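The block underneath contains the structure these notes are about, expressed in structure tokens.
Bear in mind that the values in this text are calculations on the coordinates, not laboratory data. A quick note: this is a predicted structure, and the numbers were derived from the prediction, not measured. Glycine gets a Cβ as well: all are built from the backbone with ideal geometry, and neighbour counts include every protein chain shown.
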Amino acid sequence: MKSIYILMTLMTFALQMPAQTSKDWQTPDSGRRAVTNAPLQLFVTGSGVVLPFHDGQMLEVGRNYSMIAIPDRGYAFTNWNPVDVFTFIETTLDSSGDPQSVTNTVLSPVPEFTSDPRLRFTMAPVSVLYDVPGVRTITMTEGWQANFVPVIRRVRLGKW
């Protein structure tokens, strides 16, 4: 019962964290704020959940966000790792001349981490590194990996 209360408290806190703009700018002709979105690259190792966002969710570039990692029962949160995410998309023609796309994603962990389960971050844009339209595209963006490990319970040996 206590763990449910803690989970509900953490979820309420995470959901109430407002996104705050770190770089508001106006387009010169319209006076309206230009908005660019990018997919959140979120990965989980072990058993746990991340709230309130999910992998692939579109977030506004340049805005500050907060999310929290919550381990499943029997697991503990260890750390957040930033990761550089490279996406390779190659399009070829099959034997009947129809285009077929193959997508590969490669994670490159950055050797930094934070052990606080609550992560505050600024959404980064997707950078196009190489692009030949309809043939090959390589992009890079920043993402996050939440790491959970099983908890090893020690058994006390007593007298019989």
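Work out, step by step, the length gained on full extension between THR36 and ASP94: first 0.36 nm times the residue separation, then minus their alpha carbon distance; give nm to one decimal.
Full-extension gain reported as 17.4 nm.
When THR92, THR139 are ordered from fewest to most other Cβ atoms inside 10 Å of their Cβ, what list results?
THR92, THR139
³J(HN,Hα) across the stretch 88-102 via Karplus (A = 6.51, B = -1.76, C = 1.60, θ = phi - 60°), whole Hz, x for Gly/Pro?
10, 10, 10, 10, 10, 9, 7, 4, 9, x, 8, x, 10, 9, 10
Would you calculate the separation in nanometres between label points at LEU107 and VAL44, each defined as 7 Å from the Cα along the Cα-to-beta-carbon direction?
1.2
Check PHE148: other-chain or 5+ apart residues with amide H under 5 Å from its amide H, H built from backbone geometry?
Residues meeting the amide H criterion: THR45, GLY46, SER47, THR78.
Mind ranking 61-68, 106-113, 142-149, 94-101 by how tightly packed they are, going by the mean number of other C-beta atoms within 10 angstrom, highest first?
The densest-packed peptide leads the list: 142-149, 61-68, 106-113, 94-101.
With a sphere of radius 15 Å drawn around the Cβ of VAL110, what net charge do the other residues whose Cβ falls strictly inside it have (Lys, Arg +1; Asp, Glu -1)?
After counting each charged neighbour, the total is -3.
So between MET58 and ARG154, what do we pick up on full extension, going 0.36 nm a residue minus the alpha carbon distance? Display every interim value, and only then the final one.
Values: separation 96, 0.36 × 96 = 34.56 nm, distance 4.26 nm.
Computed gain between MET58 and ARG154 is 30.3 nm.
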